[in-house]
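> Submitted below is the structure of interest, expressed as C-alpha cells.
The values are calculated or read from the model by the stated rules, or taken from the named source; none is laboratory data. Quick caveat, the model's predicted, so the values are computed rather than measured. Using ideal geometry, Cβ is built from the backbone for each residue, glycine included, and neighbour counts are taken over all protein chains shown. Side chains included, ligands, DNA and RNA excluded: accessible areas come from the protein's heavy atoms. Shrake-Rupley method; radii C 1.70, N 1.55, O 1.52, S 1.80 Å.
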Amino acid sequence: MRLALIGAGRIGKVHAQAIDAHPDARLVAVADYHIAAAEALAQQFGARVIDAEAAFEDAEVDAILIASSTPTHADYLERAARSGKAVLCEKPIALDLARTGEALQVLEAHPVTCALGFNRRHDPQFASLKRAVVEGRIGELETLTIISRDPAPPPAEYVAASGGLFRDMMIHDFDMARWLLDEPIAEVQAQGSCLIDSAIGEAGDVDTAMVTLTTASGRLCHINNSRRACYGYDQRIEAFGSGGMLQAQNESETRLRFTGEPGQVEDKPKWFFLERYAEAYRREIDDFVDAWRQGREPRAGARDGLEALRLAEAAERSLREGRRIALADIH
C-alpha cells in the first residue's frame, strides 16, 4: 500500500513511523500547510512533499492517511472516497453530527476501505480483554469500568477549539464502551466539574467527568476522566461478569515491581499516549492494510465515529440539563 500522509504534526509523525515499520506499506508523500514540517518528515522517511489537494488525484497513491486539524477531516475524507482512495482518518470526522452524517453519505455513495483512528481497539491489552469477553471467560458481562486520565491539562486555547472533553478525550472511551459491551446503549448520565484549571472552565468546558452508560439489557458502564494525573497516563479497564473479572492495567517502561521491607514499589505509568499506544498505532496500520487487501471492514470505521459522537453529544446534554438522556433522542 502506497500512502500519502496529510498532516506532519505530532500525530502525523506517529503514523509515519508506524507506516515505515510495516513490511507492506510505504509512505510515498507528505502534505502539510507548514511546508518545513512536511519537508522534514518526508526526508526522514524517503517520501516526497505534495500538496494536499494533489494527493487525491495522484496515481502513485493508494491510500490517504488524514492526520491534519479536525476541521479538515470531513472534507478530506470525502475527497478520498470520491477519488477511490482507501482512507484512514484520525478521530473525529467532525465535531457535529450533521457534518459527520454528510461524510458518511459520501462514503456510502463511493465505497472505499475507510478506517477511523480509534487506536485503542488495537492495543494488545484491550484487544486481549475483548477477546476474553467474547470467549465467555467471565461469563455474562455485567459491568464495565473505563478509567482515562491525562498527565496534565491542555492549554485553554486548545480546549476552546477541541469540542470539549466529551468529544475530544472521552470519545475514545465511548468507542471502547461500544466495542466491549457490543450491545445498543440506551441511556447516558453525565456529571462534570472543573477542579484542575479554572481557565478550562472559563473556556466553557470541564476537566473532570464521570459518565454512566446503560445498555438495552441493563448492563452498566462507568467512565472516569480527568485532565490531570500527576503520576502519568492512567489507562485502565475492568470488565466484571457472572464468572469473574478481567483487568487491563497501565503500561510502564519495565513492569518491574520491587517488594521489600518498606513495601512495594513499581514504575510509574508511561507518560502520555504517544508512548502508551505506540504498539496500538502500529497494529492500526496492520489492520488498515489487511482490510484494504481483503476487502473487509477495518476494526474501527466511520460508523463507529458517528456512534461515539452521539454518545458525546448525549453526555454533553446530560451535563447541561442535569438529567439522564435517552440515546434514541440524539440524531
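> How much length, in nm to one decimal, is gained on full extension between R137 and F272, taken as 0.36 nm per residue of separation minus their Cα-Cα distance?
Contour length minus Cα-Cα distance gives 45.5 nm.
> The chain: longest stretch without exposed GluC sites (Glu not before Pro) (DSSP loop, at most 16 other Cβ within 10 Å), sites themselves excluded?
Here the longest segment lacking exposed loop sites spans 141-252.
> I would also like to ask the following. Once a ≥ b ≥ c are taken as the square roots of the eigenvalues of the Cα gyration tensor of the range 1-92, is the result rounded (a/c under 1.5), prolate (a/b larger than b/c) or oblate (a/b not larger than b/c)?
rounded
> Roughly how many nanometres apart are two label points built 7 Å out from the Cα toward the Cβ at D96 and E297?
With each label point 7 Å from Cα toward Cβ, the separation is 2.8 nm.
> Now a separate question. With every protein chain in place, what's the accessible area of Y158 (1.4 Å probe, Å², nearest 10)?
Ignoring ligands and nucleic acids, Y158 comes out at about 100 Å².
> About the Cα centre of the chain, what is the dipole size in debye to 20, counting +1 per Lys and Arg Cβ and -1 per Asp and Glu Cβ, all else neutral?
Value, rounded to 20: 480 debye.
> Divide by every residue of the chain the summed helix terms, -39500 (n - 2.57) for each DSSP H run of at least 4, and state the resulting mean residue ellipticity at 222 nm, rounded to the nearest 500 deg cm²/dmol.
-11500 deg cm²/dmol
> Oh, and also: What do you get for the angle between helix 10-21 and the principal long axis of the chain? Use alpha-carbon atoms, 0 to 90 degrees, nearest ten.
That works out to roughly 70 degrees.
> Apply the a/c threshold of 1.5 to the C-alpha gyration tensor of the range 197-293 and tell me whether it is rounded, prolate or oblate.
Rounded is the answer for the range 197-293, as its axis ratio a/c remains below 1.5.
> Then there's this: Taking square-rooted eigenvalues a ≥ b ≥ c of the alpha carbon gyration tensor, is the range 173-222 rounded, prolate or oblate, where a/c under 1.5 means rounded and, failing that, a/b exceeding b/c means prolate?
prolate
> Here's a follow-up. Mind ranking R219, R323 by accessible surface for me, highest first, 1.4 Å probe?
Sorted descending by solvent-accessible area, the residues read R323, R219.
> Here is the link list: K91/K130; K13/K85; K91/K268. Which ones come out longer than 24 Å on Cα distance?
Violating the 24 Å Cα-Cα cut-off are K91/K268.
> Nearest 20 debye, what's the magnitude of the dipole of the range 184-331 about its Cα centre given +1 on Lys and Arg Cβ and -1 on Asp and Glu Cβ?
300 debye
> Have a look at Q191, Q125, Q264 and tell me which one the Gaussian network model of the chain (Cα, springs below 10 Å) gives the largest fluctuation.
Result: Q264 has the largest fluctuation of those listed.
> Assign unit charges at the C-beta atoms only (+1 for Lys and Arg, -1 for Asp and Glu), then state the dipole size of the range 75-233 relative to its Cα centre in Debye, rounded to the nearest 20.
Its charge dipole is roughly 480 debye.
> Under 8 Å for C-alpha pairs, at least 6 residues apart: give me the relative contact order for the chain, rounded to a whole percent.
Computed over the chain, the figure is 20 percent.
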